[in-house]
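Written below as C-alpha coordinates is the structure these notes are about.
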Amino acid sequence: MTARRLSELGKAERRRAWLRAVAALSVAWIVLAAVYYLVPAGVVPASHSGGGSFLRLGVGIALFAAILVGQARRIAGAGLPELRAVEALGFVIPLFLVAFATGYLSLSHASADTFTEPLDHTRALYFTITVFSTVGFGDITPKTDLARIIVSIQMLLDLVILGSGVRLLLNAAQTGLTRARGSSGQS
(Lines give C-alpha, C1' and ligand atoms only; values in the text may rest on other atoms or scores of the structure.)
Protein backbone atom coordinates (compact mmCIF):
# COMPACT_ATOMS: atom_id res chain seq x y z
CA MET A 1 0.00 0.00 0.00
CA THR A 2 1.38 3.39 -0.98
CA ALA A 3 1.46 6.01 1.74
CA ARG A 4 -0.68 9.06 1.14
CA ARG A 5 -1.41 12.30 2.90
CA LEU A 6 -4.88 12.89 4.26
CA SER A 7 -5.15 15.92 2.00
CA GLU A 8 -4.81 13.62 -1.03
CA LEU A 9 -8.01 11.79 -0.16
CA GLY A 10 -11.43 12.72 -1.39
CA LYS A 11 -13.86 14.15 1.13
CA ALA A 12 -15.80 10.89 1.60
CA GLU A 13 -12.65 8.77 1.82
CA ARG A 14 -11.09 11.18 4.35
CA ARG A 15 -14.27 11.10 6.45
CA ARG A 16 -14.24 7.27 6.45
CA ALA A 17 -10.57 7.25 7.45
CA TRP A 18 -11.24 9.62 10.36
CA LEU A 19 -14.28 7.60 11.46
CA ARG A 20 -12.19 4.39 11.47
CA ALA A 21 -9.51 6.17 13.52
CA VAL A 22 -12.05 7.50 16.03
CA ALA A 23 -13.67 4.05 16.29
CA ALA A 24 -10.29 2.37 16.85
CA LEU A 25 -9.36 4.91 19.53
CA SER A 26 -12.76 4.58 21.21
CA VAL A 27 -12.33 0.81 21.46
CA ALA A 28 -8.76 1.20 22.73
CA TRP A 29 -9.81 3.73 25.40
CA ILE A 30 -12.71 1.53 26.53
CA VAL A 31 -10.44 -1.50 26.84
CA LEU A 32 -7.74 0.53 28.63
CA ALA A 33 -10.28 2.02 31.06
CA ALA A 34 -11.90 -1.36 31.66
CA VAL A 35 -8.58 -3.02 32.43
CA TYR A 36 -7.58 -0.14 34.72
CA TYR A 37 -10.88 -0.05 36.62
CA LEU A 38 -11.46 -3.81 36.76
CA VAL A 39 -8.05 -4.71 38.18
CA PRO A 40 -8.46 -4.47 41.94
CA ALA A 41 -6.35 -1.78 43.58
CA GLY A 42 -4.90 -4.27 46.03
CA VAL A 43 -3.52 -6.68 43.40
CA VAL A 44 0.26 -6.86 43.86
CA PRO A 45 0.10 -4.38 46.70
CA ALA A 46 3.08 -2.17 47.26
CA SER A 47 5.18 -2.84 50.29
CA HIS A 48 5.75 0.03 52.68
CA SER A 49 9.17 0.47 51.07
CA GLY A 50 7.48 1.21 47.74
CA GLY A 51 9.06 -1.72 45.89
CA GLY A 52 5.74 -2.90 44.50
CA SER A 53 4.90 0.59 43.26
CA PHE A 54 8.26 0.91 41.54
CA LEU A 55 7.78 -2.53 40.00
CA ARG A 56 4.32 -1.60 38.70
CA LEU A 57 5.60 1.71 37.41
CA GLY A 58 8.65 0.10 35.81
CA VAL A 59 6.52 -2.49 34.03
CA GLY A 60 4.13 0.25 32.90
CA ILE A 61 6.94 2.44 31.55
CA ALA A 62 8.59 -0.51 29.79
CA LEU A 63 5.26 -1.47 28.21
CA PHE A 64 4.71 2.14 27.19
CA ALA A 65 8.19 2.39 25.59
CA ALA A 66 7.75 -0.88 23.70
CA ILE A 67 4.35 0.18 22.38
CA LEU A 68 5.70 3.62 21.42
CA VAL A 69 8.49 2.05 19.36
CA GLY A 70 6.06 -0.42 17.80
CA GLN A 71 3.68 2.41 16.94
CA ALA A 72 6.51 4.37 15.27
CA ARG A 73 7.26 1.34 13.07
CA ARG A 74 3.58 0.92 12.19
CA ILE A 75 3.31 4.61 11.30
CA ALA A 76 6.28 4.46 8.93
CA GLY A 77 4.63 1.61 6.99
CA ALA A 78 1.04 2.84 7.14
CA GLY A 79 -1.08 3.82 4.16
CA LEU A 80 -2.05 7.04 5.93
CA PRO A 81 0.96 7.78 8.18
CA GLU A 82 -0.36 11.13 9.42
CA LEU A 83 -3.61 9.62 10.64
CA ARG A 84 -1.75 6.62 12.08
CA ALA A 85 0.44 9.06 14.06
CA VAL A 86 -2.67 10.74 15.48
CA GLU A 87 -4.06 7.32 16.45
CA ALA A 88 -0.78 6.37 18.09
CA LEU A 89 -0.71 9.57 20.15
CA GLY A 90 -4.33 9.00 21.10
CA PHE A 91 -3.37 5.60 22.48
CA VAL A 92 0.11 5.97 23.97
CA ILE A 93 -0.63 9.07 26.04
CA PRO A 94 -3.62 7.48 27.84
CA LEU A 95 -1.52 4.33 28.32
CA PHE A 96 1.23 6.46 29.92
CA LEU A 97 -1.33 8.10 32.22
CA VAL A 98 -2.83 4.76 33.26
CA ALA A 99 0.65 3.39 34.02
CA PHE A 100 1.33 6.24 36.45
CA ALA A 101 -2.20 6.15 37.89
CA THR A 102 -1.66 2.46 38.67
CA GLY A 103 1.60 3.31 40.44
CA TYR A 104 -0.04 6.06 42.50
CA LEU A 105 -2.94 3.77 43.35
CA SER A 106 -0.51 1.13 44.53
CA LEU A 107 1.37 3.66 46.68
CA SER A 108 -1.83 4.92 48.23
CA HIS A 109 -2.99 1.41 49.08
CA ALA A 110 0.37 0.63 50.68
CA SER A 111 0.01 3.63 52.98
CA ALA A 112 -2.97 5.97 53.22
CA ASP A 113 -0.62 8.77 54.32
CA THR A 114 1.25 8.82 50.99
CA PHE A 115 -1.05 11.50 49.54
CA THR A 116 -3.19 14.17 51.16
CA GLU A 117 -6.15 11.83 50.69
CA PRO A 118 -6.45 8.10 49.99
CA LEU A 119 -6.64 7.35 46.27
CA ASP A 120 -9.12 5.13 44.53
CA HIS A 121 -8.97 4.41 40.79
CA THR A 122 -10.65 7.68 39.82
CA ARG A 123 -8.64 9.88 42.18
CA ALA A 124 -5.37 8.27 41.07
CA LEU A 125 -6.22 8.87 37.41
CA TYR A 126 -7.37 12.41 38.15
CA PHE A 127 -4.14 13.16 40.02
CA THR A 128 -2.06 11.73 37.16
CA ILE A 129 -3.88 13.86 34.60
CA THR A 130 -3.49 17.04 36.68
CA VAL A 131 0.26 16.39 36.95
CA PHE A 132 0.51 15.63 33.20
CA SER A 133 -1.41 18.74 32.22
CA THR A 134 0.60 20.86 34.70
CA VAL A 135 -2.65 22.19 36.17
CA GLY A 136 -1.86 20.98 39.68
CA PHE A 137 -4.98 22.07 41.55
CA GLY A 138 -3.36 21.15 44.85
CA ASP A 139 -6.32 19.13 46.14
CA ILE A 140 -4.22 15.95 46.04
CA THR A 141 -0.50 16.20 46.74
CA PRO A 142 2.22 13.70 47.61
CA LYS A 143 3.20 13.68 51.29
CA THR A 144 6.07 11.16 51.36
CA ASP A 145 9.48 11.39 49.75
CA LEU A 146 8.83 8.24 47.71
CA ALA A 147 5.60 9.68 46.32
CA ARG A 148 7.37 12.97 45.55
CA ILE A 149 10.12 11.09 43.70
CA ILE A 150 7.59 9.18 41.59
CA VAL A 151 5.65 12.37 40.84
CA SER A 152 8.94 14.04 39.87
CA ILE A 153 9.72 11.13 37.54
CA GLN A 154 6.31 11.56 35.95
CA MET A 155 6.87 15.30 35.49
CA LEU A 156 10.20 14.71 33.77
CA LEU A 157 8.78 11.95 31.59
CA ASP A 158 5.82 14.21 30.73
CA LEU A 159 8.31 16.59 29.15
CA VAL A 160 9.97 13.72 27.28
CA ILE A 161 6.59 12.49 26.02
CA LEU A 162 5.47 15.93 24.93
CA GLY A 163 8.78 16.62 23.21
CA SER A 164 10.51 13.48 22.04
CA GLY A 165 7.54 11.11 21.93
CA VAL A 166 5.41 13.37 19.78
CA ARG A 167 8.41 14.16 17.59
CA LEU A 168 9.19 10.45 17.15
CA LEU A 169 5.68 9.69 15.95
CA LEU A 170 5.52 12.70 13.63
CA ASN A 171 8.94 11.84 12.18
CA ALA A 172 7.71 8.29 11.58
CA ALA A 173 4.76 9.71 9.63
CA GLN A 174 7.11 11.88 7.58
CA THR A 175 9.39 8.89 6.95
CA GLY A 176 6.45 6.86 5.69
CA LEU A 177 5.42 9.63 3.31
CA THR A 178 8.99 10.18 2.10
CA ARG A 179 9.54 6.45 1.52
CA ALA A 180 6.31 6.22 -0.48
CA ARG A 181 7.26 9.23 -2.57
CA GLY A 182 10.74 7.80 -3.22
CA SER A 183 9.47 4.36 -4.24
CA SER A 184 6.89 5.80 -6.62
CA GLY A 185 9.44 8.02 -8.36
CA GLN A 186 7.85 11.29 -7.16
CA SER A 187 9.82 14.01 -5.44
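Looking across the stretch 1-42 at every residue that is among the small types (Gly, Ala, Ser), in contact (Cβ under 8 Å) with a residue 60 or more places away in the chain and part of a loop (DSSP other than H, G, I, E, B), the one that is farthest from Leu97 (Cα to Cα) is identified as Ala3. Among the conditions (1) under 14 Å from the mean Cα position of the chain (by Cα); (2) surrounded by fewer than 13 Cβ atoms within 10 Å (Cβ to Cβ); (3) at pLDDT 90 or above, Ile93 misses just one, which is (2). If you go through the stretch 141-152 and keep only what is over 16 Å from Ala110 (Cβ atoms) and either in contact with a Leu (Cβ under 7 Å, 6 or more places away or on another chain) or without any contact (Cβ under 8 Å) to a residue 12 or more places away in the chain (or both), you end up with just Ser152.
Restricting attention to the stretch 113-161, the residues being β-branched (Val, Ile, Thr) and touching a strand residue (DSSP E or B) at 6+ places or on another chain (Cβ under 9 Å) number 8. Candidates in the stretch 116-142 are the residues that are surrounded by 13 or more Cβ atoms within 10 Å (Cβ to Cβ), of a type in the set (D, E, K, R) and not in a helix (DSSP H, G or I); of these, the one that is nearest to the chain's Cα centre (by Cα) is Asp120.
For the stretch 8-32, the set of residues classified as out of contact with any helix residue (DSSP H, G or I) (no Cβ under 8 Å at 6 or more places or on another chain) and either of a type in the set (Gly, Ala, Ser) or closer than 30 Å to Leu125 by Cβ (or both) consists of Gly10, Ala12, Leu19, Arg20, Val22, Ala23, Ser26, Val27, Ile30, Val31, listed by residue number.
Could we say that Asp113 is surrounded by fewer than 20 Cβ atoms within 10 Å (Cβ to Cβ), outside any helix (DSSP H, G or I), of a type in the set (D, E, K, R) and more than 20 Å from the chain's Cα centre (by Cα) here? If you could, list the steps in order and put the result at the bottom.
Numbers: surrounded by fewer than 20 Cβ atoms within 10 Å (Cβ to Cβ): yes; outside any helix (DSSP H, G or I): no; of a type in the set (D, E, K, R): yes; more than 20 Å from the chain's Cα centre (by Cα): yes.
Answer is no for this residue.
The values are calculated or read from the model by the stated rules, or taken from the named source; none is laboratory data. For clarity, every value in this text was computed on a predicted model and none was experimentally measured. Using ideal geometry, Cβ is built from the backbone for each residue, glycine included, and neighbour counts are taken over all protein chains shown.
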